[in-house]
Amino acid sequence: FIIIILSSVFLLLIFDMCKIKRSCYQNINKSGSANKMGTKGENVKVLLKLQNVLVEEVSLIGKDSTTLSFGRVWLTRFQARNALDSQTLQDIVDTFNYLQTQFHLNVVVLAGRGESFCSGADLKEKADQSKSGREKRYNIQLGRRAIAAIENLEAITIARVHGHAAGGGFGLMQACDLRIVVENTRLWLPEVDIKLPLTWGLTARLIRDVGRAKAMELIAMGTDLAVRDAYRLGLVNRIAKDEEELDATVREWLAVLGTKNKSTLHFIKTQFSKLDIMVDLGRATDTDNDYLLYNRLLDASL
């Protein structure tokens, strides 16, 4: 009788351990994706997998039983809050160049896995001094190229923003046509506090989006921009209270865009791109990134 009781207790312990192990695995998986990948009603197909970026084609069933298809780009360097090192920036350039010929996708969502949309440039990355001057200059311009690749995509883009959108991450958000942001997201441009000007052509884009005076305040003072204020200024289209509402809002907007004529959406995107005078003027600042290269060379010589 005692043996039977002990055997039962042992089996219960094993069962509980299995439940705990499964629960831990689910939590680890959630912290890795953190965005309900393949949620109910989604049919997900991987189109492209790079080192720090994943590209999916997602199909949803709309309210009228029609199928809505869109592209979804995940920044997958979640262990570093999707900080933008050279590899990630090159992945973004390659991703959006690839999407340029995915003509069946009229809308693309840009999102970040883990706790943040994007925490900006990776300040821990060290320049490879063995590279030629031309290669160093190419790499220092990758941020500008990544921003341009997103903007130049001939499909409407939606930024799905949560956690942090700092510096270059703020720029990725600006590069998208529509921006849906969780209310407690931290938006700010910290470059001045690390003794750098705002590069990647983002100064012109910020003047375009919020006006000269506010742009000067945000860039020169490095202060946070509350999401409510960003909405009031027209920088943000919609505010979500949490990630669940964020995803629901993205799906809602996708459903609306899915009812529109595809050719018309394409022409609308083209019109906005051609009329973006401030960004064209901002191309005069393309060599701003050379300051970063000069700064590194100066530091190396000291």
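Here segment 205-246 is treated as an ellipsoid with the same Cα gyration tensor; its semi-axes, largest first and in whole Å, are 22, 11, 7.
In this structure I207 has an accessible area near 60 Å², from a 1.4 Å probe over the protein heavy atoms. When segment 49-123 is described by a simple charge dipole with +1 on each Lys and Arg Cβ and -1 on each Asp and Glu Cβ, the residue from S86, G114, Q51 located farthest towards its positive end is G114. Sorting H162, H104 by solvent-accessible area of protein heavy atoms yields H104, H162, largest first, with a 1.4 Å probe. Taking all Cα pairs closer than 8 Å and separated by 6 or more residues, the relative contact order of segment 105-190 comes to 39 percent.
Percent of Cα pairs in segment 131-209 per distance bin of 5 Å, from zero to the largest separation: 3, 14, 22, 23, 19, 11, 5, 2, 0. A Stokes-Einstein calculation at 4 °C with viscosity 1.567 mPa s, built on the Kirkwood radius of segment 170-237 over Cα pairs, returns a diffusion coefficient of 107 µm²/s. Of the listed residues H266, H164, the order by accessible area with a 1.4 Å probe, largest first, is H266, H164. With the largest listed first and rounded to whole Å, the semi-axes of the equivalent ellipsoid of segment 88-151 from the Cα gyration tensor are 26, 17, 8. Comparing Cα centroids, segment 103-171 and segment 227-268 end up 20 angstrom apart. Here segment 130-269 was treated as a single set of alpha-carbon atoms; its pair distances binned every 10 Å from 0 give 11, 37, 33, 15, 4, 0 percent. K136 contributes about 40 Å² of solvent-accessible surface, heavy atoms of the protein only, 1.4 Å probe.
Within the full protein context, the accessible area of M216 is estimated at about 100 Å² for a probe radius of 1.4 Å. Rg/Rh for segment 45-163 stands at 1.03; both radii use Cα atoms, and Rh follows the Kirkwood definition. When all protein chains stay in place and ligands, DNA and RNA are ignored, the 1.4 Å accessible-area order of W74, W253, largest first, is W253, W74. Relative to the Cα centre, the charge distribution of segment 72-196, modelled as +1 at Lys and Arg Cβ and -1 at Asp and Glu Cβ, gives a dipole magnitude of about 240 debye. Pairwise Cα separations in segment 198-272 fall into 10 Å bins from 0 onward with the following percentages, short to long: 15, 33, 34, 17, 1.
The values are calculated or read from the model by the stated rules, or taken from the named source; none is laboratory data. Since this is a predicted model, take the numbers as computed values, not measurements. Counting neighbours? That spans all protein chains shown, and the Cβs are built from the backbone with ideal geometry, glycine included. All accessible areas refer to the heavy atoms of the entire protein, side chains included, with ligands and DNA or RNA removed. Shrake-Rupley method; radii C 1.70, N 1.55, O 1.52, S 1.80 Å.
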